[in-house]
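J.: Take this structure, written in structure tokens, and hold onto it; I'll ask about it next.
Quick note: the coordinates plus some simple rules give every number you see, no bench work behind them. These figures come from a predicted structure and were not determined experimentally. Cβ atoms come from the backbone with ideal geometry, glycine included; neighbour counts cover every protein chain shown.
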């Protein structure tokens, strides 16, 4: 409360608060404040100008304990998970069945299986994570997979990409093409065309 | 066109078909010329179209059309020679000419000859006016354009048109031509599928409104209960406090609640209306989308008229085709698949059915035979009749043929009814003709027709009247896209069994199941029905062991029937058939998929496949029935090796070597084949080549190393490549052993195999 009159009625407290708020907002700017912001905005501008190479948009999602990114132009739909129907006589663990997306029956695959991601416990994620069904591919070569969490689209320049760790790079059958810095995490950026080709092959 | 006989009609049909294409070219050219009046290519295209139309019109003696086309051609030729510059007025008049041609070709306007002539005169006048508006000095041209069409049509022109005409006859006429019906448009199969998907989805979404409205109705009931509770509270207030603050607060609450109830009531009524409207709309949309798969019958069969005529001539007969019910709608898929069987039946009718002209004359019939091709909808089925007015089928002769071919003894043949006797015509290899002709009589006709008709889930019957003709009746489903099925539950998931493949369904007390040699069976009529679980056939989980009753679907016929055990009957459904992703290939026992009312996917079982699977399992002695797995475990199993190599020699060499040492060997012809094999069967070791089509050995090994179950399976690479980096590459991918074919000795291979997995007998 204020140091002036010991008045405890709610009415007068509100007046005092708004007066204080007014004083706070009307206070003179500290020295150098304007210059600091001017530098900030000017700097951002310069950085954007530097990134001459076209920025890339990716979809960032999580499978088990791994965060991954796929080129956004490959993603046709992100929707709630829904009931799928398994296919008889399919012994591979990749094809999980068929699923109805907007009245079309799509093959649902376990992408984690293709990428060799073990069923690790998800790294404790902040807040509530919603599982999603992601549809990727082009025209009649589409396929759906289950993602444990979808962050959304992320735009990045080439400067955000790092080389793969050598253990991944040496793997002849890798799908990751680079590691992407995102929000303090290392996200595996997947090679979309290679992934789709592998999916096509494994469906046969 | 004063004598409207049938041949004239079909010629007019032809002209209309040509007009449809040519007027498109003409209109396109004219529109382009409006922007660029001197473009040589467009002038050429438009002139050519007008010229062709003039030629065609002359062939069928459609003189008004000749006049119009001629006038149009004259203008265009003049423009081509540069003696005339096309103006907007010219283009307007010429476009009017295109419309006029369509009008002339329309059979409806035929009767009204005077009106058409007036219109033509109007057109020519308009053309003249456009001419006058242009530069001077072309009046001579104009006069000629307006003159009666006395100019001889060049022979080249008529020849071109005639060949174009026959082309149009031979090929499937464009969908835009329906013989006087509505205009048709083409649409890709993919967008049709998508349209159907979206329409189905909107129906499913619309159906969700009803449960939602019901849940609101429950909310309304709760409001009612709340109001009652408030009234009870008020009634229990102590006397004298009816006007106190409690009572006032209660009255306020009661009032607010009443308002809430009222609003809810209104919203519910709105929701009800919305539900009705959107469900109705979605239903119509869905129905219309399904119906748009229909094509008029005539579209698919018009080309037969010419074939019938030509074939009859080739056989020294005379025949014409009479198409009845040409506008009857038929599913595109069925129409496509009917082509072969109908062709067969028509050939049969001409060759077997129709008599020679001499015989027909002797029998007092017209020389020209008539073959009627009729389509109609009847009791939810499509009926197609192929009937000839020939001599019918000689039943005594058929009886003799049946006996002569030892299909039945004489006494049996004598006892056969007419219908039963005619059934023999559908037996494979059966023919009544003594001589094999070019056309038919090889005895491969009717059985092929029957099997093709069955493929579209239809039936075919034959009827004959001596001296009056033979008729074949094909009964087909109206559409292939809708199928009637029994929905069952197998391993916790729904499957749809087409009703056509089900003999009957029954529920039996589990106690009635008996076993023989460990195989369960139940009494069914006077036979013992062997049981097989759907789970085992489909490789999907285990049948439910609890419950007092078994749900059985009887499939197959006679002694070859099986009692298919399913978990539950979910009811009968009409499903819209949806193809599965073609990349999956043919899935054993499954024909297609569909969506249920709630949008969940369901698989449609391929009943023929399922029967074969049951036969295969039964003969392999692998059937377990509903009792659960047999207790015996395979003792002393031999070690199994999969050999993957695209070279037959290497593959066989390796196989013989390994088998010689007691291993059981499976083979695969390339990496893809190997990948499939290794996933579907259990192996102890894989021996693979590197360079193979479809999928090479390195990729195969890499895939296996990524698969949780196959990760531990030992892999040996055998390759011609003996460089160190090739070896390194193979081992890097995850192979356990790298052997070069150059050093290919049996000891080396067998030694390596033994090192990896031990001797054959475990």
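J.: Debye sum, Cα scatterers, the range B:252-322, no solvent: what log₁₀ I/I(0) at q = 0.18, 0.27 1/Å?
T.: At q = 0.18, 0.27 Å⁻¹ the computed log10 ratios are -0.82, -1.07.
J.: Still on this model: Give the peptides A:129-137, B:310-318 in descending order of average Cβ contacts within 10 Å, highest first. Could you put the intermediate results ahead of the total?
T.: Values: A:129-137: 17.8, B:310-318: 15.6.
The most tightly packed comes first, giving A:129-137, B:310-318.
J.: May I pose another question? Relative to the longest principal axis of the C-alpha atoms of chain B, give the angle of the C-alpha long axis of helix B:245-291, reported between 0 and 90° and rounded to the nearest 10°.
T.: Helix B:245-291 sits roughly 60 degrees off the main axis of chain B.
J.: For the range B:483-627, what's the relative contact order in percent, using C-alpha pairs closer than 8 Å and at least 6 residues apart?
T.: Details: 288 pairs, mean separation 44.0, N = 145.
RCO, the range B:483-627: 30 percent.
J.: Taking just the alpha-carbon atoms of chain B, what radius of gyration and Dmax come out, in angstrom?
T.: Both quantities, over Cα of chain B: 38.3, 117 Å.
J.: Could you compute Rg(Cα) / (2.2 N^0.38 Å) for the range B:190-291, with N its residue count?
T.: Dividing the Cα Rg of the range B:190-291 by 2.2 N^0.38 Å gives 1.77.
J.: A further question on this structure: Could you work out the relative contact order of chain B, using alpha carbon pairs under 8 angstrom and six or more residues apart, expressed as a whole percent?
T.: Normalised by residue count, the contact order of chain B is 6 percent.
J.: Oh, and also: Quick one: check the C-alpha center-to-center distance for the range B:512-574 versus the range B:335-411, whole angstrom.
T.: After rounding, the separation between the Cα centres reads 43 Å.
J.: Treat the count of other C-beta atoms within 10 Å as a stand-in for reagent exposure and order B:308, B:77 from fewest to most.
T.: Working: B:308 22, B:77 17.
Ranked by crowding around the Cβ, least crowded first: B:77, B:308.
J.: Just check the range B:296-477 against the gyration tensor rule for me: Cα atoms, a ≥ b ≥ c as the square roots of the eigenvalues, rounded for a/c under 1.5, and otherwise prolate or oblate depending on whether a/b exceeds b/c.
T.: On the way: a/c = 1.78, a/b = 1.20, b/c = 1.49.
Because a/c hits 1.5 or more and a/b fails to exceed b/c, the range B:296-477 counts as oblate.
J.: Report the equivalent ellipsoid semi-axes for the range B:483-627 in whole Å, largest first, defined as the square roots of five times the eigenvalues of the gyration tensor built from alpha carbon atoms. Walk me through the numbers before you get to the answer.
T.: Working: eigenvalues 126, 53, 39 Å².
Here the semi-axes work out to 25, 16, 14 Å.
J.: For the range B:680-762, what mean projected area does the convex hull of the alpha carbons give, in nm²?
T.: 5.9
J.: I've got another one for you. Out of all DSSP beta bridges with both ends in chain B, state the antiparallel percent to the nearest 5.
T.: Here the share of antiparallel DSSP bridges comes out near 70 percent.
J.: In degrees between 0 and 90, to the nearest 10, how far off the longest principal axis of chain B does helix B:395-404 point, with axes built from Cα atoms?
T.: Tilt of helix B:395-404: around 40 degrees.
J.: Now a separate question. With contacts defined as alpha carbon pairs under 8 Å and 6 or more residues apart, what's the relative contact order of the range B:296-477 in percent?
T.: 24
J.: Once every DSSP H run of n ≥ 4 in chain B is given -39500 (n - 2.57) and the sum is divided by its residues, what mean residue ellipticity at 222 nm do you get, rounded to the nearest 500 deg cm²/dmol? Present the calculation step by step, with values, prior to reporting the outcome.
T.: Numbers: 25 runs with 370 residues, N = 762.
Calculated at 222 nm, the ellipticity per residue is -16000 deg cm²/dmol.
J.: For the range A:56-203, just the Cα atoms, rotate onto the principal axes and tell me the three extents in Å, largest first.
T.: Computed over the Cα atoms, the extents are 44, 36, 31 Å.
J.: Any idea what angle helix B:332-348 forms with the longest principal axis of chain B, computed on alpha-carbon atoms, 0 to 90 degrees, nearest 10?
T.: Its long axis makes an angle of about 70 degrees.
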